[in-house]
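**Student:** I am attaching a structure below and will ask some questions about it afterwards.
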Amino acid sequence: MTHLKAASLTTEYRTNPLGIDCKKPRLSWKIISDERGTLQQSYQIQVSEHPTFDTLLWNTGIIHSQESLHLPYEGPDLKERTRYFYRVKVWDNKSRESAWSETAWWETALFAEYDWKAQWITPDEEVIDRLSEPAFCLRKEFQLQNDIASARIYGTGLGLYELYVNGERVGDELFAPGWTSYHKRLQYQTYDITSQLQAGPNAFGIMLADGWYKGNMTWENKRHIYGDRRAAFFELHVRYNDGTEDIIVTDPSWKAALGPVVYSEIYQGEKYDARLEEGFSLPDFDDSSWSLVQEQQMPVGQLIAQENWPTKVTEVIKPIAVFTTPSGETVIDMGQNMVGRIRFFVKADKGTKIILKHAEVLDKDGNIYFGNLRKADQQVEYIAKGIGLENYAPHFSFQGFRYVRVEGYPNQENGLSLEHFVGEVIHTDMEPTGEFECSNPLVNKLQENIKWGQRGNFLDVPTDCPQRDERLGWTGDAQVFIQTALFNYHGGPFFTKWLRDLKAEQHPDGGVPFVIPAVVGGANAAAWGDAATIIPWEIYKAYGDKRLLAEQYDSMKAWVEYMRRQGENEYLWIVGFNFGDWLALDAPSGSYSGATPKDFIATAFYAHSTRILRDAAKVLGKWEDAKSYGLLLENIIEAFNHEFVSKSGRLVSPTQTAHVLALIFDLVDGDVKKRTAHELNELIINNNYHLTTGFVGTPYLCFALSKAGHHETAVKLLLQEGYPSWLYSVKKGATTIWEHWDGIKEDGSFWSDDMNSFNHYAYGAIGDWMYRKVAGLDMDEELPAYKRIRIQPAFAGIHLTYAKAAFESMYGRIQSAWSITADKIELKVEIPANTTAEIVLPFAQTANVSEGGNPLAQANGIYTYKEKDDTVTLTVGSGSYHFQYDNKNGLMVEFTKNSRLIDVLAHQSSAAILDKHAPWIAKPPGIFAMRTKTLQELAEFPEANLTKNQVDALIEELNTIEWKAELVK
Ligand code: RAM
């Protein structure tokens, strides 16, 4: 019996979500099949309020359809606070019927129209100053009956909160309620506390700190951005077996006091006095000295159920060393620039004060360096209570660090024991979905660094950096990194939430703030505001999320219309403020903006966003818009060429970024395109394979080269180890991505204190190209979510001998893994069920290719194959495939005297070197004959009419090529 199954069921991207407020949640599943070429032909969904499915609420019946992603629930209206069980059955194209899937569920929380019983509460102002630094503790005791069936807490806080019931923490979420545009959208959370309650007396405790709501934020040291008063708002619903309910809500019957968290700020750190711990959430606690609370009106527009995955500790790492710096400080090395907190364990006398201060790097003398943190202290202080083994980690503050200075730990003069310290890595608990590896270990380290950069900066909001007095949702940074981000981790819920905030904060004129949530002024910069169009489109491509695209459509359109209104000419954007190619190396001294003209960049992104809008309109069936924005795009491109391209086809700006944008956004065509491509390649080669690009050009640089036929140049850029390059920082010991190419200079000095993050993901945007081009794992955009996969490895001469990438798509795991030796090329592919793939085998001939040891004609699951220009293109169904073929076209890892010159020249960079240093080689006479000679024959130049000197020069040139062509003189 062969195997077919629907598995990994999700609701709104999540597995068994507790507490959603969506009335038509969308269901998705993956199909597991042990046969190749499996496509779903039909499905059936059943939904019930009972896990036994005795009575059905919704039964689709057998629906003839291949759809297995985002199927909206269409049954009777959902009730609030109810768990719905569902299961799926599928039929495939091989007439197989699966069993029912394992049962999954979602549980509704409270819908928008819910009439909350809770009141916003805050300590009585007469007793506790609203501006007190310590976290507030709030408590309430209550009685429950026997036979508790279930209990849920719904609610939120302004500030950050932690909940406790009967002396235990509720849940393991951190930094709740997360960061949204609080006045417009505030998330509430749902907790299942059934097992924490008891019949009789119970107590409910809340700790409440400033956080993003009213703490110190931005480099401008702003306080009280959203309000100057913390408050809590919770309802506990207890259901008994007989169906009756008790509801306990925050109201003026609660009591308040200041707690052991005596100070807590996102940037500054936390101070904790363990002597003040009181067990305030235990039922028998004496709160007679506590004050009352008062009701408070809070400026909140809309309460929404948690949209993003929660923030959690996702990994615990151990320090690798402790040492004394030249200036005599005791420093722990975590071995990784991480974001989160240190938890330490200590036995100490009451009143002992331990101080940790966190930093990312050491300076060139080996001292711990705090300069780049600017006004962020990142300091944690703990005062011991002197009872047993104590352990502590900050509650409402996180740090970006690799190194930790320790002061006051008992006996530390005699050496610190590393066992007492662990690093808790904190970020949005998103599913890892991508893997990339290749034959170059430094590139593999780069990939690790990119992932760490993403983890550190995906703490509920996509931030620029996690350490200095900034940590903001910079739109440009998120836009630049989005594609790489969506490979490495599942970004569905994370960006759904953030895009809704973007939309909520968009200005009435369509302008987009620089940061979301918008806590600093400033809006409307090219390549920053375009997050409004680019990100929903990328989410749509990666996951097929049409609903989010439809939701964001007005926001996308408003941004394009904003750009259109700028200046006199509606087809150009050449006025106003722009960041330009931020931090590019061709920036004039004293400026952060690179040499590429800002209006060039602005108009290029205007075109790009307009194209996305046109395509989104098509997807959503908005045909009028599709037509009019298609026309607008043509006009912008025409105006761009008129404004920024000379009559003879030269771009007005000679920068790498200008060439990259013109190519990647298809702004130039025909001969201009050819020339632009050629010149981009020249720009890189003449700069000795070094880039100069900043935030704007970098993500597309290698794509533009690969697209223009200069893939090997792109690979050489990636593999460049000298400054500036991606691997430069790796060689300098980086464990995350740096904000600046020269964050640490070759002599070990710093770029500056001013703006020098060592954990900024923007330049990690190269990851997308590594997945798609180096490993060749790509999609056909016409059928999003990888419904039709494209596997197209691009080899890179001797530079890489293997590359492999895997991606856990909504349909299942995709893999592309190639390797190449002097005589064999192999490609291992995985295609998930219910998708198909086009696979391109370069330098192959049909007769030569085997799959799983069989000739192609006999291989199962392969629908078609054709050969053209030494390339075999196949279409296949799902399954795992193993292709092998001879490496007989001179595509070798090492050239030898028996290699043909024509093969050597097939490698673009060598051709360019030859054209540059030995231009005669491209000319007749005898050139064709000469090119087809082996290197040995060529060296002997029987018919090429070359002088001895010319041959020597050629041999010398070929010898300078790093693959060390072995020539025989
Ligand atoms: C810096 C941020 C960010 C960038 C802006 C323009 O302050 O760190 O990375 O997008 O400036």
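The values are calculated or read from the model by the stated rules, or taken from the named source; none is laboratory data. Everything numeric here is computed off the predicted structure, so don't read it as measured data. We place every Cβ from the backbone using ideal geometry, glycine too, and count neighbours over all the protein chains shown. To get the accessible areas, we keep the full protein, side chains included, count just its heavy atoms, and leave off ligands, DNA and RNA. Shrake-Rupley method; radii C 1.70, N 1.55, O 1.52, S 1.80 Å.
**Student:** If I filter segment 424-438 for residues that are more than 16 Å from the ligand (Cβ to nearest atom), open to solvent by 20 Å² or more (accessible area, probe 1.4 Å) and part of a loop (DSSP other than H, G, I, E, B), do I get at least one hit?
**Tutor:** Yes - at least one qualifying residue is present in segment 424-438.
**Student:** Filter segment 1-17 for residues that are open to solvent by 50 Å² or more (accessible area, probe 1.4 Å) and assigned to a strand (DSSP E or B); which is nearest to Phe111 (Cα to Cα)?
**Tutor:** Step by step, filter segment 1-17, then rank; the result is Ser8.
**Student:** What number of residues in segment 741-757 are within 12 Å of the ligand (Cβ to nearest atom) and open to solvent by less than 10 Å² (accessible area, probe 1.4 Å)? Walk me through it before giving the result.
**Tutor:** Of the residues in segment 741-757, the ones within 12 Å of the ligand (Cβ to nearest atom) are 754-757.
Narrowing further to those that are open to solvent by less than 10 Å² (accessible area, probe 1.4 Å): 756-757.
Total satisfying the criteria: 2.
**Student:** Let me ask another. Do we find that Phe487 is under 22 Å from Ala805 (Cα atoms), more than 15 Å from the ligand (Cβ to nearest atom) and either open to solvent by less than 10 Å² (accessible area, probe 1.4 Å) or at pLDDT below 95 (or both) in this structure? Reasoning before the result, please.
**Tutor:** Working: under 22 Å from Ala805 (Cα atoms): yes; more than 15 Å from the ligand (Cβ to nearest atom): yes; either open to solvent by less than 10 Å² (accessible area, probe 1.4 Å) or at pLDDT below 95 (or both): yes.
Against the criterion (under 22 Å from Ala805 (Cα atoms), more than 15 Å from the ligand (Cβ to nearest atom) and either open to solvent by less than 10 Å² (accessible area, probe 1.4 Å) or at pLDDT below 95 (or both)), Phe487 qualifies.
**Student:** Between residues in segment 375-386 that are under 30 Å from Asp754 (Cα atoms) and residues that are among the charged types (D, E, K, R), which pairs lie under 6 Å by C-beta distance while being six or more apart or on different chains?
**Tutor:** Lys375/Asp469; Ala376/Arg468; Ala376/Asp469; Gln379/Lys357; Val380/Glu270; Glu381/Lys271
**Student:** Looking only at segment 465-477, decide whether some residue is over 23 Å from Lys357 (Cα atoms), surrounded by fewer than 24 Cβ atoms within 10 Å (Cβ to Cβ), within 16 Å of the ligand (Cβ to nearest atom) and not hydrophobic (A, V, I, L, M, F, W, C). Full working, then the answer.
**Tutor:** Residues of segment 465-477 that are over 23 Å from Lys357 (Cα atoms), as a first pass: 473-477.
Narrowing further to those that are surrounded by fewer than 24 Cβ atoms within 10 Å (Cβ to Cβ): 476.
After this cut, where a residue has to be within 16 Å of the ligand (Cβ to nearest atom) as well, the list is 476.
Imposing the further condition that a residue be not hydrophobic (A, V, I, L, M, F, W, C) reduces the set to 476.
Yes, segment 465-477 contains a residue that is over 23 Å from Lys357 (Cα atoms), surrounded by fewer than 24 Cβ atoms within 10 Å (Cβ to Cβ), within 16 Å of the ligand (Cβ to nearest atom) and not hydrophobic (A, V, I, L, M, F, W, C).
**Student:** Also: For segment 571-618, give me each residue that is within 16 Å of the ligand (Cβ to nearest atom), farther than 24 Å from Trp738 by Cα and open to solvent by less than 50 Å² (accessible area, probe 1.4 Å).
**Tutor:** The answer is Ala602, Phe605.
**Student:** Is it the case, given these coordinates, that Arg564 is open to solvent by 50 Å² or more (accessible area, probe 1.4 Å) and under 27 Å from the mean Cα position of the chain (by Cα)?
**Tutor:** On the way: open to solvent by 50 Å² or more (accessible area, probe 1.4 Å): yes; under 27 Å from the mean Cα position of the chain (by Cα): no.
For Arg564, the condition - open to solvent by 50 Å² or more (accessible area, probe 1.4 Å) and under 27 Å from the mean Cα position of the chain (by Cα) - is not met.
Quick grid of which residues meet (1) open to solvent by less than 10 Å² (accessible area, probe 1.4 Å); (2) among the β-branched types (Val, Ile, Thr); (3) more than 16 Å from the ligand (Cβ to nearest atom); (4) at pLDDT below 95:
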{"residue": "Asp671", "(1), (2), (3), (4)": "no, no, yes, no"}
{"residue": "Leu680", "(1), (2), (3), (4)": "yes, no, yes, no"}
{"residue": "Leu691", "(1), (2), (3), (4)": "yes, no, yes, no"}
{"residue": "Phe695", "(1), (2), (3), (4)": "yes, no, no, no"}
{"residue": "Leu701", "(1), (2), (3), (4)": "yes, no, yes, no"}
{"residue": "Ala704", "(1), (2), (3), (4)": "yes, no, yes, no"}
{"residue": "Gly709", "(1), (2), (3), (4)": "no, no, yes, yes"}
{"residue": "Ala714", "(1), (2), (3), (4)": "yes, no, yes, no"}
{"residue": "Val730", "(1), (2), (3), (4)": "no, yes, yes, no"}
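**Student:** Separate question: I need every pair where a residue in segment 303-330 that is under 30 Å from Asn411 (Cβ atoms) has its Cβ under 7 Å from the Cβ of a residue that is hydroxyl-bearing (Ser, Thr, Tyr) and open to solvent by less than 50 Å² (accessible area, probe 1.4 Å), sequence separation at least 6 or different chains.
**Tutor:** As it stands, the answer is Val322/Thr330; Thr324/Thr330, since those pairs meet every condition given.
**Student:** Which residues, counting only those in segment 759-784, are in a loop (DSSP other than H, G, I, E, B) and more than 12 Å from the ligand (Cβ to nearest atom)? Write out each step before concluding.
**Tutor:** Looking only at segment 759-784, we keep the residues that are in a loop (DSSP other than H, G, I, E, B), and these are 759-761, 775-776, 780-784.
Of everything in segment 759-784, those that are in a loop (DSSP other than H, G, I, E, B) and more than 12 Å from the ligand (Cβ to nearest atom) turn out to be Ala775, Gly776, Asp780, Glu781, Glu782, Leu783, Pro784.
**Student:** Can you give me the number of residues within segment 19-50 that are farther than 14 Å from Lys79 by Cα and either in a strand (DSSP E or B) or in contact (Cβ under 8 Å) with a residue 40 or more places away in the chain (or both)?
**Tutor:** Going through segment 19-50 one residue at a time, the tally reaches 20.
**Student:** While we're here: Kindly indicate whether Trp528 is touching a residue at least 60 places away in the same chain (Cβ under 8 Å) and either away from the ligand (no atom under 16 Å from the Cβ) or under 25 Å from Gly580 (Cα atoms) (or both). Quick ask: steps written out before the conclusion?
**Tutor:** Numbers: touching a residue at least 60 places away in the same chain (Cβ under 8 Å): no; either away from the ligand (no atom under 16 Å from the Cβ) or under 25 Å from Gly580 (Cα atoms) (or both): yes.
It is false that Trp528 is touching a residue at least 60 places away in the same chain (Cβ under 8 Å) and either away from the ligand (no atom under 16 Å from the Cβ) or under 25 Å from Gly580 (Cα atoms) (or both).
**Student:** Report the residue count in segment 190-201 for those that are part of a strand (DSSP E or B) and either surrounded by fewer than 13 Cβ atoms within 10 Å (Cβ to Cβ) or out of contact with any Gly (no Cβ under 7 Å at 6 or more places or on another chain) (or both). Step through it out loud before you land on a result.
**Tutor:** Going residue by residue through segment 190-201, those that are part of a strand (DSSP E or B) are 190-192, 200-201.
From the residues that got through so far, the ones that are either surrounded by fewer than 13 Cβ atoms within 10 Å (Cβ to Cβ) or out of contact with any Gly (no Cβ under 7 Å at 6 or more places or on another chain) (or both) too are 192, 200-201.
Total meeting the criteria: 3.
**Student:** Run Tyr811 past the list (1) surrounded by 19 or more Cβ atoms within 10 Å (Cβ to Cβ); (2) within 16 Å of the ligand (Cβ to nearest atom) and report the number of the one that doesn't hold.
**Tutor:** So Tyr811 meets the others, but not (2).
This table checks each residue for (1) in the same structural domain as Tyr272 (by TED's automatic domain parsing); (2) part of a loop (DSSP other than H, G, I, E, B); (3) at pLDDT 95 or above; (4) surrounded by fewer than 23 Cβ atoms within 10 Å (Cβ to Cβ).
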site: Tyr86; (1), (2), (3), (4): no, no, yes, no
site: Lys89; (1), (2), (3), (4): no, no, yes, yes
site: Val127; (1), (2), (3), (4): yes, yes, yes, yes
site: Pro134; (1), (2), (3), (4): yes, yes, yes, yes
site: Arg152; (1), (2), (3), (4): yes, no, yes, yes
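**Student:** I would also like to ask the following. Restricting to segment 531-541, and then to whatever is open to solvent by 10 Å² or more (accessible area, probe 1.4 Å) and touching a helix residue (DSSP H, G or I) at 6+ places or on another chain (Cβ under 8 Å), can you tell me which residue is nearest to the ligand (Cβ to nearest atom)?
**Tutor:** Glu538
**Student:** Now for a separate question. Which ones in segment 291-336 are closer than 18 Å to Ser181 by Cα and open to solvent by less than 50 Å² (accessible area, probe 1.4 Å)?
**Tutor:** Met298, Val300, Leu303, Ile304, Ala305, Gln306, Glu307, Asn308, Trp309, Pro310, Thr311
**Student:** Considering segment 251-284 alone, what residues qualify as being of a type outside the set (D, E, K, R) and open to solvent by 30 Å² or more (accessible area, probe 1.4 Å)? Don't jump to the end; show me each part of the working.
**Tutor:** In the first step, residues of segment 251-284 are kept if they are of a type outside the set (D, E, K, R); the result is 252-254, 256-264, 266-269, 272, 274, 276, 279-283.
The answer is Pro252, Ser253, Leu258, Val262, Tyr263, Leu276, Gly279, Leu282.
**Student:** Scan segment 454-464 for residues that are within 11 Å of the chain's Cα centre (by Cα) and either within 12 Å of the ligand (Cβ to nearest atom) or in the same structural domain as Gln378 (by TED's automatic domain parsing) (or both) and jot them down.
**Tutor:** Asn457, Pro462, Thr463
**Student:** Scan segment 61-80 for residues that are outside any loop (DSSP other than H, G, I, E, B) and open to solvent by 30 Å² or more (accessible area, probe 1.4 Å) and report the count.
**Tutor:** Restricting attention to segment 61-80, the residues satisfying the condition of being outside any loop (DSSP other than H, G, I, E, B) are 63-64, 71-72.
Subsequent filtering for residues that are open to solvent by 30 Å² or more (accessible area, probe 1.4 Å) retains 63-64, 72.
Qualifying residue count for the region: 3.
**Student:** Wholly within segment 207-286, which strands (runs of 3 or more DSSP E) include no fewer than the required count, namely at least 2 residues that are among the charged types (D, E, K, R) and touching a residue at least 40 places away in the same chain (Cβ under 8 Å)?
**Tutor:** Result: 231-240, 269-273.
**Student:** Sort through Tyr188, Tyr164 and tell me the only one that's closer than 30 Å to Leu499 by Cα and modelled with pLDDT of 95 or more. Spell out the reasoning first.
**Tutor:** Numbers: Tyr164 fails: closer than 30 Å to Leu499 by Cα.
Result: Tyr188 is the single residue among Tyr188, Tyr164 that is closer than 30 Å to Leu499 by Cα and modelled with pLDDT of 95 or more.
**Student:** From (1) in contact with a Cys (Cβ under 9 Å, 6 or more places away or on another chain); (2) under 13 Å from Gly776 (Cα atoms), pick out the condition that doesn't hold for Thr801.
**Tutor:** (2)
**Student:** Could I ask something else about it? Restricting to segment 384-423, and then to whatever is more than 24 Å from Gly178 (Cβ to Cβ) and of a type in the set (S, T, N, Q), can you tell me which residue is most open to solvent (accessible area, probe 1.4 Å)?
**Tutor:** So the residue we want is Asn414.
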